[in-house]
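The values are calculated or read from the model by the stated rules, or taken from the named source; none is laboratory data. Quick caveat, the model's predicted, so the values are computed rather than measured. With ideal geometry, Cβ positions are generated from the backbone for all residues, glycine too; neighbour counts draw on all protein chains shown. The area values use the complete protein model at the heavy-atom level, side chains included, leaving out ligands, DNA and RNA. Shrake-Rupley method; radii C 1.70, N 1.55, O 1.52, S 1.80 Å.
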2 protein chains.
Amino acid sequence: MKLAVSTSEKAPYHHGDLRRSLLDAALGILHRDGIGAVSLREVARVAGVSHNAPYRHFPSRDALLAGVAAEGFGRLRARLEAAGDDLAAMGEAYLAFAVAERPCFLLMFGSSLCKANFPDLASAALEALRALDRVASGRAVSGGDACEIRTIGPATLRAWAIVHGFAHLVADGQLSLEAASRALAADGTAP
Amino acid sequence: MKLAVSTSEKAPYHHGDLRRSLLDAALGILHRDGIGAVSLREVARVAGVSHNAPYRHFPSRDALLAGVAAEGFGRLRARLEAAGDDLAAMGEAYLAFAVAERPCFLLMFGSSLCKANFPDLASAALEALRALDRVASGRAVSGGDACEIRTIGPATLRAWAIVHGFAHLVADGQLSLEAASRALAADGTAP
DNA sequence: CTGCTATGTTGACGCGGACAACATGAGGAA
DNA sequence: TTCCTCATGTTGTCCGCGTCAACATAGCAG
C-alpha cells in the first residue's frame, strides 16, 4: 500500500487518492465488461480496497457512475474543443467519441442516472454542449453557471440533435461509422 | 387463481397466459417506479405467482425487459403508421411516444440490452423504422425479414436521426416538448 | 502527547438473479 | 377410463451486491 502517485502532489491519506483510482477502475470495468459489471464491490476489488471503502468517496453506486459519466463529458468536451471552429469537424469528433468510448457514451446518455440528482454531472454535460454552442451559434456564452439549457441556441440544439441521433445509431451498431459520417457530411452545416 | 381472461381464447395452463401478465406487470412497474424497480421477483409478485415462475417464460431478467421493449417498438410503430403519409406528423408521433412512454422509450433506446442477443427485439425495432421508411423514402420495402438496416434508405436515417435526437433531449427533460416540436417543424421535411 | 477527524475495514442484513428439485395439472396414448 | 408425459408453477437454496453500523487507523491540531 501507500504507493505514491507518480505526481506526488498531495497523497492525502492511506491510499493516496482513492477517488481517482475508483473512477479509473470503474471506467476500465465499464469498457471491458459493460455497465452491468460495474459494481461497487468489483470496483473496490480492482482498486485493491475493501468493499466499503468506496462509500467514503461516493454515497452510492449511482453517484460513482455519475462521476464516471461526468468525466466522460469532460473528455467529449475536450474532443469538441480540439475540433476548433469547424462545425463539421465537431460532428466527426462527436461520432468518434461515441465509437471510441461506446460504453461510456451509452452510460452518459442512457439516462439510467437522473441528472437532477447529480448537479456535477448536469453541469459537465452542459459544458460539453456549450463547446458546441460556441461554434454553432457563433457567440460565446458567459453567465448561468449550470443546468440551464436555455443558454444554448436553437441552431446548436438542432446540430446536436442530428449528430447525436447518428451517434446513437452507430453506438447501437445499426449503422457504420462511415455511413454516419457521410450522411452527416451531406447534411452537415446546412440549415 | 385460474381467473379466466376476459376473452377466454385459450387459457393455456394453470394461470391463463402468464407471459402476458408478466409483460403487463413489468410495463406497469417500469412506468410507475422506473427501470431499476423492474425485478423478476417484483414482477412475479405483482402477477401473483412465485418468484421463479417467470423463468418458464423468460430465461433471464434481460429477456423479460427485451420483451417489454419489443412491445414498445410495436406501439411506436402503430403510432407512426397512424400518422399516415405525413412525415411531419410522424415526427410529432415519435416525440409524443417519447413523452407518453418515457420510461419505456428509455428502455428501448437505452442500450442496456444488446439487440444482438434478442432477435425479436431487433426485428421489432427494425419494423418500427420501416414504418418511417415507407414514407421518408417513398417506397415500400419487402424482403429481408430482419436485422438489416441496409434496407432502410438514407433519407429515412437522416429523418430518424434528427427526430430521435430531439426526442432524446425531451425524454432527458432538457427540452420542452413544444420547443422540440417547433424546432422539428422548422427543420422537418426539408432536406 | 492527546485527542479529533478523515479514511479504510469488518461484519451483517435484505434483496434479487439464477439454478435444482419437486409438485401439479392438461392432454394424448393405451 | 387409466396412465404417462411434459409444460407449467412452487419451494428451497446459493451467491453477489448495495447499504448500514461498528470498529480500526492514520495524519493533523492543540
(1) away from DNA strand C (no atom under 16 Å from the Cβ); (2) surrounded by fewer than 19 Cβ atoms within 10 Å (Cβ to Cβ); (3) within 14 Å of chain A (Cβ to nearest Cβ) all hold for B:Asp62 apart from (1)
Residues of region A:158-171 being among the β-branched types (Val, Ile, Thr) and more than 7 Å from chain B (Cβ to nearest Cβ), in sequence order, are A:Val163, A:Val170
Taking region A:172-185 and keeping only residues that are within 23 Å of B:Leu107 (Cα to Cα) and facing another protein chain (nearest Cβ under 7 Å), one is left with A:Asp172, A:Gln174, A:Leu175
For region B:63-75, state whether one or more residues are of a type in the set (Phe, Trp, Tyr) and either part of a helix (DSSP H, G or I) or more than 16 Å from DNA strand D (Cβ to nearest atom) (or both).
yes
The residue that is most open to solvent (accessible area, probe 1.4 Å), considering only those in region A:17-40 that are within 14 Å of chain B (Cβ to nearest Cβ) and outside any loop (DSSP other than H, G, I, E, B), is A:Asp33
Checking A:Val43, A:Val49 in turn, the sole residue that is within 13 Å of DNA strand C (Cβ to nearest atom), part of a helix (DSSP H, G or I) and in contact with a helix residue (DSSP H, G or I) (Cβ under 8 Å, 6 or more places away or on another chain) turns out to be A:Val43
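Report yes if A:Glu81 is closer than 21 Å to A:Ser112 by Cβ and either within 11 Å of DNA strand C (Cβ to nearest atom) or assigned to a helix (DSSP H, G or I) (or both), otherwise no.
no
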